[in-house]
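Engineer: Below is the structure I would like to discuss, written out as structure tokens.
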């Protein structure tokens, strides 16, 4: 990796948690220089503007979430167990560094839905990919006779994602784990209901 690429990656990795914590609007160039120890000129020598840093930071945060989920999913063989892998990842809300300030998908979605087209589009792609992953697991499970044929994979994915992200939101806002624990308990029930006996 060339020096410029290393510097760019350093900026992304250092600023990603700041954007996840403060949001786009709440993050200033001073925050970026403070967390990186670089000058404004150094940051803008590697990125066109704050937008470019924010978009790269979201991609980085999302890649961490995606990597954690993929690692857990790939450890499992049965469709229901693969779905439980999502629960296992989000159950680590208080211990995984990427979740230190909440789920970056949820945080960015709530801030950027009406204010930042570029970030909103990235969040939409992330959610579409999440839908696709869950739908794929269910359809494969149906083919292998592990999941009931009557299950609508799209509807399941939407409710499953909403439960998990709603639980994350409750936990972060209240500072208590009970909302997340209740949501994950319901998500487990959803999985149990679609398993073929």
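Engineer: Filter the range 150-169 for residues that are modelled with pLDDT under 95 and part of a loop (DSSP other than H, G, I, E, B) and give the result.
Structural biologist: none
Engineer: Being outside any helix (DSSP H, G or I), crowded, with 16+ Cβ neighbours inside 10 Å, on the phi < 0 side of the Ramachandran plot and modelled with pLDDT of 95 or more, is that true of even one residue in the range 134-149? First the steps, then the outcome.
Structural biologist: The initial filter retains those residues of the range 134-149 that are outside any helix (DSSP H, G or I), namely 144-149.
Keeping just the survivors that are crowded, with 16+ Cβ neighbours inside 10 Å gives 146-147.
So of that shortlist, the ones also on the phi < 0 side of the Ramachandran plot come out as 146-147.
Narrowing the set further to residues that are modelled with pLDDT of 95 or more leaves 146-147.
Looking through the range 134-149, at least one residue is outside any helix (DSSP H, G or I), crowded, with 16+ Cβ neighbours inside 10 Å, on the phi < 0 side of the Ramachandran plot and modelled with pLDDT of 95 or more.
Engineer: Can I ask one more? For the structure I just gave you, tell me whether residue 183 is at pLDDT 95 or above and either part of a loop (DSSP other than H, G, I, E, B) or exposed (fewer than 14 other Cβ atoms within 10 Å of the Cβ) (or both).
Structural biologist: Details: at pLDDT 95 or above: yes; either part of a loop (DSSP other than H, G, I, E, B) or exposed (fewer than 14 other Cβ atoms within 10 Å of the Cβ) (or both): no.
Here the answer is no, as residue 183 does not meet what is asked.
Engineer: If you take just the helices (runs of 4 or more DSSP H) that sit entirely in the range 1-79, which of them hold at least 1 residues that are surrounded by 19 or more Cβ atoms within 10 Å (Cβ to Cβ) and in contact (Cβ under 8 Å) with a residue 60 or more places away in the chain? Before the answer, list the steps.
Structural biologist: Details: elements: 3-22, 29-36, 40-46, 50-74.
Ranges flagged: 3-22, 50-74.
Engineer: Collect the residues in the range 115-127 that are in contact (Cβ under 8 Å) with a residue 24 or more places away in the chain and in a helix (DSSP H, G or I), keeping them in residue-number order.
Structural biologist: Step one: filter the range 115-127 for residues in contact (Cβ under 8 Å) with a residue 24 or more places away in the chain, giving 115-116, 118-119, 122-123, 126-127.
Once the filter is applied, which keeps residues that are in contact (Cβ under 8 Å) with a residue 24 or more places away in the chain and in a helix (DSSP H, G or I), the range 115-127 yields 118, 119, 122, 123, 126, 127.
Engineer: Separate question: Any idea which residue in the range 86-114 is surrounded by the fewest Cβ atoms within 10 Å (Cβ to Cβ), counting only those that are at pLDDT 90 or above and in a loop (DSSP other than H, G, I, E, B)?
Structural biologist: Residue satisfying both the conditions and the ranking: 91.
Engineer: With respect to residue 172, determine if the residue is surrounded by 17 or more Cβ atoms within 10 Å (Cβ to Cβ), in contact with a strand residue (DSSP E or B) (Cβ under 7 Å, 6 or more places away or on another chain) and either assigned to a helix (DSSP H, G or I) or without any contact (Cβ under 8 Å) to a residue 24 or more places away in the chain (or both). Give the steps one after another, and end with the answer.
Structural biologist: Values: surrounded by 17 or more Cβ atoms within 10 Å (Cβ to Cβ): yes; in contact with a strand residue (DSSP E or B) (Cβ under 7 Å, 6 or more places away or on another chain): yes; either assigned to a helix (DSSP H, G or I) or without any contact (Cβ under 8 Å) to a residue 24 or more places away in the chain (or both): yes.
Yes; evaluated as a whole, the condition is true for this residue.
The values are calculated or read from the model by the stated rules, or taken from the named source; none is laboratory data. What you see is a predicted model; the values in this text were computed from it and never measured. Neighbour counts are summed over all protein chains in view; Cβ atoms, including those assigned to glycine, are modelled from backbone coordinates with ideal geometry.
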